[in-house]
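Enquirer: What follows is a structure written as structure tokens; I'll ask about it next.
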Amino acid sequence: SNSRIKCENRTQRKRCFCGCLQNSARAYSVVPAPRDSKEKEMMHRMLRVDHAGEYGANRIYAGQMAVLGRSRTGPLIQQMWDQEKKHLSKFNEILAENRVRPTALLPLWNLAGFALGASTALLGKEGAMACTVAVEESISEHYNSQIRALMESDPERYTELLQVIKEFRDDEMDHHDTGLEHDAESLPGYWLLKNAIQLGCKAAIYVSQRV
């Protein structure tokens, strides 16, 4: 009887210890543990597309730097790229923590992003900045829609994730404004190029959530 009580006490302590460890791990995670399969699917889609967006943005800046890296615009592009690298690093971490599969289309976004960055940079500084305005506006709008969805769902539950998304959204808007300040709109055919790029961004967002 005594040995049985001791055994039960040990089991309870073990459960308590495991529970504390679990709670401690969750406390340091940006994303709360999903309540059910529906929430899990929603979060995985959200994180997958955010990671894909940041990955694509990195490749675009890599393409721009390949063409304009040694020009007077190089340091400005590098500064924006450095921020995007931090965003991507954070989403790599979040995906690994939550065992989220990245989109299967990363190899495509790798090539397409670099090609878009390099081809618009070949139009000169204004072309690169027009591309930056178009892409960063699309990403900012996408982040805003996620912020609205999380705020409507349960802002307290998603506090840390909201903080990350808001911070990245603000960085993207800064890049957008930088592009406008550096003559993006002076590019001939600016609106045509901007609309074409944003159409591509919308398609990429749609597909990356699902594949």
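Enquirer: Once phi is turned into θ = phi - 60°, what whole-Hz ³J(HN,Hα) does the Karplus curve with 6.51, -1.76 and 1.60 give for every residue of segment 154-163, x standing for Gly and Pro?
Expert: Going residue by residue, I get 5, x, 5, 5, 9, 3, 5, 5, 4, 4 Hz, with x marking Gly and Pro.
Enquirer: Further question: Quick check: at a probe of 1.4 Å, how many percent of the accessible area of segment 37-209 sits on carbon and sulfur atoms? Walk me through the numbers before you get to the answer.
Expert: On the way: 4760 of 8570 Å².
Solvent-exposed carbon and sulfur of segment 37-209 make up 56 percent of the total.
Enquirer: If you compute Rg and Dmax of the Cα atoms in Å for the structure shown, which of [x] 26.1, 99; [y] 17.0, 49; [z] 21.6, 88 do you land on?
Expert: [z]
Enquirer: When ligands, DNA and RNA are left out and all protein chains stay put, how many square angstrom of accessible area per residue does segment 122-211 have with a 1.4 Å probe? Present the calculation step by step, with values, prior to reporting the outcome.
Expert: On the way: 4560 Å² over 90 residues.
Per residue, segment 122-211 has 51 Å² of solvent-accessible surface.
Enquirer: Continuing with this model, one more query. Given the options 149, 104, 184, state which has the largest fluctuation in a GNM of the chain using a 10 Å cut-off (strictly under) for Cα springs.
Expert: Of the options given, 149 has the highest mean-square fluctuation.
Enquirer: Of 85/125; 166/202; 90/194; 38/85; 38/194, which ones are farther than 26 Å apart at the Cα?
Expert: Beyond 26 Å: 90/194; 38/85; 38/194.
Enquirer: Rounded to the nearest 10 degrees, what's the angle between the helix 2-27 long axis and the longest principal axis of the chain, both from Cα atoms, 0 to 90?
Expert: 10
Enquirer: Right, next: Go through 115, 164, 146 and say which Cα lies farthest out towards the positive end of the charge dipole of segment 112-188; charges sit on Cβ, +1 for Lys and Arg, -1 for Asp and Glu.
Expert: 115
Enquirer: Next question. Which value, in debye to the nearest 20, describes the size of the charge dipole of the chain about its Cα centre when Lys and Arg Cβ atoms bear +1, Asp and Glu Cβ atoms bear -1, and nothing else is charged? Each step should come with its number before you reach the end.
Expert: Working: 28 positive and 27 negative charges, 332 e Å.
Dipole about the Cα centre, nearest 20: 1600 debye.
Enquirer: I'd like to compare 69-78, 133-142: which one has the highest average count of other Cβ atoms within 10 Å, and what's the full order after that? Kindly include the intermediate steps, with their values, before the conclusion.
Expert: On the way: 69-78: 15.3, 133-142: 22.6.
Final packing ranking: 133-142, 69-78.
Enquirer: In debye, nearest 20, what is the charge dipole magnitude of segment 74-163 about its Cα centre with +1 on Lys and Arg Cβ and -1 on Asp and Glu Cβ, if you could check?
Expert: Details: 8 positive and 12 negative charges, 64 e Å.
That gives segment 74-163 a dipole magnitude of about 300 debye.
Enquirer: In addition: Note the angle between two axes, namely the Cα long axis of helix 125-153 and the longest principal axis of the Cα atoms of the chain, as a number of degrees from 0 to 90, rounded to the nearest 10.
Expert: Helix 125-153 sits at roughly 30 degrees to that axis.
Enquirer: Can you work out the Karplus-derived ³J(HN,Hα) for every residue in segment 100-117? Use 6.51 cos²θ - 1.76 cosθ + 1.60 with θ = phi - 60°, whole Hz, and x for glycine or proline.
Expert: Karplus values, whole Hz, x for Gly and Pro: 9, 6, x, 4, 6, 8, 3, x, 5, 5, 4, 6, 5, x, 4, 4, 5, x.
The values are calculated or read from the model by the stated rules, or taken from the named source; none is laboratory data. Just so we're clear, the structure is a prediction, and the values are computed from it rather than from any experiment. Note that we place each Cβ from the backbone using ideal geometry, even for glycine, and neighbour counts take in every protein chain shown. Remember, those area values only see protein heavy atoms, side chains included, never the ligands or the DNA or RNA. Shrake-Rupley method; radii C 1.70, N 1.55, O 1.52, S 1.80 Å.
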